[in-house]
Amino acid sequence: MDFKDTFFSKKHTLNVRGSLLDLSRPTVMGVLNITPDSFYDGGRYQRNDHILKHVEELVSEGATFIDIGAYSSRPGSQHLTEKEEYNRLKPVVTRIRKKFPETILSVDTFRAGIAREMVREYGVDMINDISAGSMDGEMFDTVAELHVPYIIMHMKGTPANMQDNPTYENVTREILHYFSEKIQALTLLGVADIIVDPGFGFGKTLDHNYELLANLDSFNMMELPVMAGLSRKSMIYKFFDTTPDKALNGTTVLHTIALLKGVDILRVHDVKEAMETIALVEKVRESQK
């Protein structure tokens with residue numbers, strides 16, 4: 001099913017700092033992992049000069065958002081206390097906000113306390129929650145109070161157990177149902193700016209991931225912006241029996257498919273290549289008019 005043939009009217013704006021951000025053309029979220037053990041770039045960005053240089057590169061290549069993560073969610077990763085996560089984030093967010101005041105900053109956290117501090121004290125613009133509120137019962141109320149865009153991702157289980165034989169009767173249908181319940185709860189609390197992320201690689205087998213990608217246009221029925229995190233993931237490099245650093249070409253292929261399915265935000269490690277993919281897909285769309 002081609003997304004343009006549906007009757008759904010998707011929301012194509014986000015309220016960021018009181019201004020509407022236009023998502024009628026797909027955008028890119030650049031990933032900044034400040035963890036020592038993330039699956040692809042863990043340990044690369046520990047020094048302040050390396051972090052700021054990388055953010056400058058992401059922004060100059062076209063990233064609309066920078067997503068900062070201090071807690072690795074890969075299976076077997078190191079557990080961090082809330083204080084440890086905060087202590088990692090505080091100096092990094094402070095420096096990035098000072099040097100790049102106009103850049104939209106997102107923090108990747110499942111903890112309401114971290115979300116509250118990062119938004120209120122350090123000027124973070126949005127929250128990206130891999131658990132969609134499931135790992136902290138205060139998160140939905142907190143996001144409602146903060147009035148910031150909120151990314152809800154589907155994950156079956158927790159980072160520690162999500163890949164322990166995940167099973168579904170129908171992966172797409174179950175995730176759509178999951179999101180419908182989450183969206184209803186958030187809407188009742190007054191949260192207006194919600195982005196949905198199907199959670200590729202989070203509690204899914206390789207086959208689940210490809211089934212989900214094949215049906216990604218189904219998520220347009222949510223009538224909300226959709227984000228896809230496909231960049232260099234195991235669904236690519238395990239399929240080819242290689243490594244994340246050799247998965248850029250496969251990433252670009254999957255990004256193309258996701259865009260054709262109606263995705264609004266690509267969460268990526270390689271901004272330049274993602275921007276080029278968007279430009280080419282948009283050129284094809286313009287040629288069809």
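The numbers here are math on the coordinates, done by the rules we state, and not lab data. Note that the coordinates shown come from a computational prediction; the quantities given were computed from them, not determined experimentally. Cβ sites come from the backbone with ideal geometry, for glycine too, and all protein chains shown count toward neighbours.
Points worth noting:
- Each Lys or Arg adds one and each Asp or Glu takes one away; over the other residues whose Cβ falls under 13 Å from the Cβ of E121, this sums to +3.
- For the residue pairs K53/K283; K11/K289; K10/K98, the alpha carbons lie more than 27 Å apart in K53/K283; K10/K98.
- When shorter helices are ignored and each DSSP H run of at least 4 residues is given -39500 (n - 2.57), the per-residue value for the chain at 222 nm works out to -12000 deg cm²/dmol.
- GNM top mover of R88, R120, R232 - the chain, alpha-carbon springs below 10 Å: R120
- Projected area, mean over directions - the chain, Cα convex hull, nm²: 14.2
- Segment 226-289: Cα Rg divided by the 2.2 N^0.38 Å rule of thumb: 1.13
- Secondary structure note: in the chain, about 15% of the DSSP beta bridges are antiparallel.
- At q = 0.11, 0.13 Å⁻¹, base-10 log of I(q)/I(0) for segment 118-223 (Debye sum, equal scatterers on each alpha carbon): -0.35, -0.49
- When the chymotrypsin sites (Phe, Trp or Tyr not before Pro) in segment 145-178 are filtered for DSSP coil states and for at most 16 other beta-carbon atoms within 10 Å of their beta-carbon, the remaining sites are Y168.
- Comparing H154, H269, H50 in a Gaussian network model of the chain (Cα springs below 10 Å), the most mobile by mean-square fluctuation is H50.
- Segment 175-270: proportion of alpha-carbon pairs further apart than 18 angstrom, %: 46
- Span-like helix ranges in the chain, DSSP H, alpha carbon extent 24 angstrom or more, Kyte mean at least -0.5: 171-188, 271-288
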